[in-house]
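Student: Next up is a structure, given as structure tokens.
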Amino acid sequence: MNFTIITQGCKVNQYDSDIISAAMIKEGFTAAEEKQNPDIIIVNTCTVTASSDKKGFHILSKIKRDCPNSITVLTGCYPQAFPDNLPDDADLAVGNGDKEQIPQLIKQYIDNNRRCSDIRKLGKAYEEPKELSHCNKTRAYIKIEEGCSRFCSYCIIPFARGRVRSRTLNNIARETEFHANDGHKEIVLTGINLSCYGNDLGLSLYDAVKTVADNPLIERVRLSSLEPELLTEDVIEKLAQVKKLCPHFHLSLQSGCDNTLKRMNRNYSAAEYKDIVDNLRKYFPNCAITTDVMVGFVGETDEEFAKSLNFVQNLGFAKIHVFTYSVRPGTAAEKMSGHIDDKIKALRYKGMSRAAVEAQNEFYSKNLNIVHKVLVERQTKPEFINGHTENYIPVRIYGGKAKRHDIVAVKITKACEGYCEAVLL
């Protein structure tokens, strides 16, 4: 029987989908071709927002309509967070703790022909995948941490992913070698709350980064999204000693207003966030700081939004992901008073998005005529090749040839909307 996996959400979910795929293939299932109607369709869900749930439900209903004979498997964060409210379109529901058991559970479903679910409470230790997955992307992802213990007032993820659990350094080194032997030169470390890596093992994020960088075949190490906690100056200074670490830090902000941050239960102030950014720039010159900003959170006044906007405009972000707050059932924010009208949210979204475009354009312009090293990813058109710089600027490279996985020197010659042009040196 063949299968396909539809993945929603974050890089951690993509990593998990790759692990599910490896487990399926080991158990004798085959990956469906692009135009095949799969026998089995696995939907790995995201539940970070209510709209994510709606998208997942829509995917399931469309599957049942277009492929009525396919077995549908619902897995990921939604069934783990809401095990008592599963959609009827799923033949099998599996929680985050049992994703590698999906092949066996499918076989049981086929034998019994009975709709069922397998969602258990998440454990207290990191569960090492039994099968590693070969990555077909240019940069390979390694999940080094699972879970979050923060409980932001708008977020359901601690219920969907459990508390912080870290992977051992030996297992990180083992997967690094696995991907290095496949020809990968850049490794991206990812997790649900990556900044908290090692809390449960007496380690820090630096230890994981150094472990990957110590592999002689790996030339670049990159960090995925970070929370602004535990990133003390001491940790940042130690990270700067790892020369292979890319100077790009996606540091989640959410709001630049202290009152809003308190209602969000974010446990830092705007000034403390700025201190972290200043330290990153101190030890990583010309680093890119990217972020997430939420507008329209419960109780956000015009003055609070103005403070957040002003903070964002003055910090010099390289890229900003702007999104509007939406009610997430089961969170503390759901029960708060002062929910914002959708029209006001839309206006604030437009205002913050304009600031995001201006910030990105300014950052790209500052990199004009600077030489960067670029990891070559693909050639979409004959006249240029695509890649990303160390500080994660997307570039179109003209004037030479290079193949996928090459790391080449370029000079940025033009700043465009959403990317830069460069010439191969």
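Student: How many residues are free of Cβ contacts under 8 Å to residues at least 24 places away in the same chain and either farther than 21 Å from Leu245 by Cβ or of a type in the set (A, V, I, L, M) (or both) when one looks only at the stretch 269-287?
Tutor: 2
Student: If a residue has to be over 14 Å from the mean Cα position of the chain (by Cα) and either within 15 Å of Glu100 (Cβ to Cβ) or surrounded by fewer than 18 Cβ atoms within 10 Å (Cβ to Cβ) (or both) to count, how many in the stretch 9-32 make the cut?
Tutor: 14
Student: Give me the residue from the stretch 312-338 that is in contact with a strand residue (DSSP E or B) (Cβ under 9 Å, 6 or more places away or on another chain) and not in a strand (DSSP E or B) and, out of that set, nearest to Leu368 (Cα to Cα). Outline the logic, then answer.
Tutor: Going through the stretch 312-338, the residues in contact with a strand residue (DSSP E or B) (Cβ under 9 Å, 6 or more places away or on another chain) turn out to be 312, 315-325.
Narrowing further to those that are not in a strand (DSSP E or B): 312, 315-318, 325.
Working: Val312: 23, Leu315: 20, Gly316: 16, Phe317: 16, Ala318: 14, Tyr325: 35 Å.
Only one residue tops the list, namely Ala318.
Student: Within the stretch 276-295, which residues are within 19 Å of Ala356 (Cα to Cα) and not charged (D, E, K, R)? Full working, then the answer.
Tutor: First pass over the stretch 276-295, keeping only residues within 19 Å of Ala356 (Cα to Cα): 277, 286-295.
Across the stretch 276-295, the qualifying residues are Val277, Asn286, Cys287, Ala288, Ile289, Thr290, Thr291, Val293, Met294, Val295.
Student: Another question about this same structure. Enumerate the helices (runs of 4 or more DSSP H) found wholly within the stretch 1-93, keeping only those where 1 or more residues are closer than 20 Å to Leu132 by Cβ and either touching a residue at least 12 places away in the same chain (Cβ under 8 Å) or touching a His at 6+ places or on another chain (Cβ under 8 Å) (or both). Let's see the steps before the verdict.
Tutor: Numbers: elements: 11-26, 50-66, 77-81.
Counting at least 1 such residues, we get 11-26.
Student: Still on this structure, I have one more. If you go through the stretch 245-255 one residue at a time, do you hit one that is surrounded by 18 or more Cβ atoms within 10 Å (Cβ to Cβ), under 21 Å from Lys343 (Cα atoms) and either in contact (Cβ under 8 Å) with a residue 40 or more places away in the chain or among the acidic types (Asp, Glu) (or both)? Break it down stepwise before answering.
Tutor: Going residue by residue through the stretch 245-255, those that are surrounded by 18 or more Cβ atoms within 10 Å (Cβ to Cβ) are 245-255.
Subset that is under 21 Å from Lys343 (Cα atoms): 254-255.
Filter once more, keeping what is either in contact (Cβ under 8 Å) with a residue 40 or more places away in the chain or among the acidic types (Asp, Glu) (or both): 254-255.
Yes, because at least one residue in the stretch 245-255 is surrounded by 18 or more Cβ atoms within 10 Å (Cβ to Cβ), under 21 Å from Lys343 (Cα atoms) and either in contact (Cβ under 8 Å) with a residue 40 or more places away in the chain or among the acidic types (Asp, Glu) (or both).
Student: Out of the stretch 118-131, which residues are over 12 Å from Gly97 (Cβ atoms) and either in contact with a Leu (Cβ under 6 Å, 6 or more places away or on another chain) or surrounded by fewer than 17 Cβ atoms within 10 Å (Cβ to Cβ) (or both)?
Tutor: Residues of the stretch 118-131 over 12 Å from Gly97 (Cβ atoms): 128-131.
Listed by number, the residues that qualify are Glu128, Lys130, Glu131.
Student: Among the residues of the stretch 74-92, which ones are hydrophobic (A, V, I, L, M, F, W, C) and touching a Cys at 6+ places or on another chain (Cβ under 9 Å)? Don't jump to the end; show me each part of the working.
Tutor: Here is the first cut: in the stretch 74-92, the ones hydrophobic (A, V, I, L, M, F, W, C) are 74, 77, 81-82, 86, 90, 92.
The answer is Cys77, Leu92.
Student: Within the stretch 155-162, does at least one residue satisfy the condition of being surrounded by fewer than 18 Cβ atoms within 10 Å (Cβ to Cβ), modelled with pLDDT under 95, in the same structural domain as His248 (by TED's automatic domain parsing) and not acidic (Asp, Glu)? Can you show your working first?
Tutor: Kept after step one, since they are surrounded by fewer than 18 Cβ atoms within 10 Å (Cβ to Cβ), are these residues of the stretch 155-162: 159.
Then drop every residue that is not modelled with pLDDT under 95, which leaves 159.
If we keep only those that are in the same structural domain as His248 (by TED's automatic domain parsing) as well, we get 159.
Among the residues that remain, those that are also not acidic (Asp, Glu) are: 159.
Yes, the stretch 155-162 has at least one match.
Student: Moving on to the next point. I'd like to check something: does the stretch 44-54 contain any residue that is surrounded by fewer than 18 Cβ atoms within 10 Å (Cβ to Cβ), more than 23 Å from the chain's Cα centre (by Cα) and polar (S, T, N, Q)?
Tutor: Scanning the stretch 44-54 turns up no residue that is surrounded by fewer than 18 Cβ atoms within 10 Å (Cβ to Cβ), more than 23 Å from the chain's Cα centre (by Cα) and polar (S, T, N, Q).
The values are calculated or read from the model by the stated rules, or taken from the named source; none is laboratory data. Small disclaimer: the values here were computed from a predicted structure and weren't measured. Please note: Cβ atoms are built from the backbone with ideal geometry, for glycine as well, and neighbour counts cover all protein chains shown.
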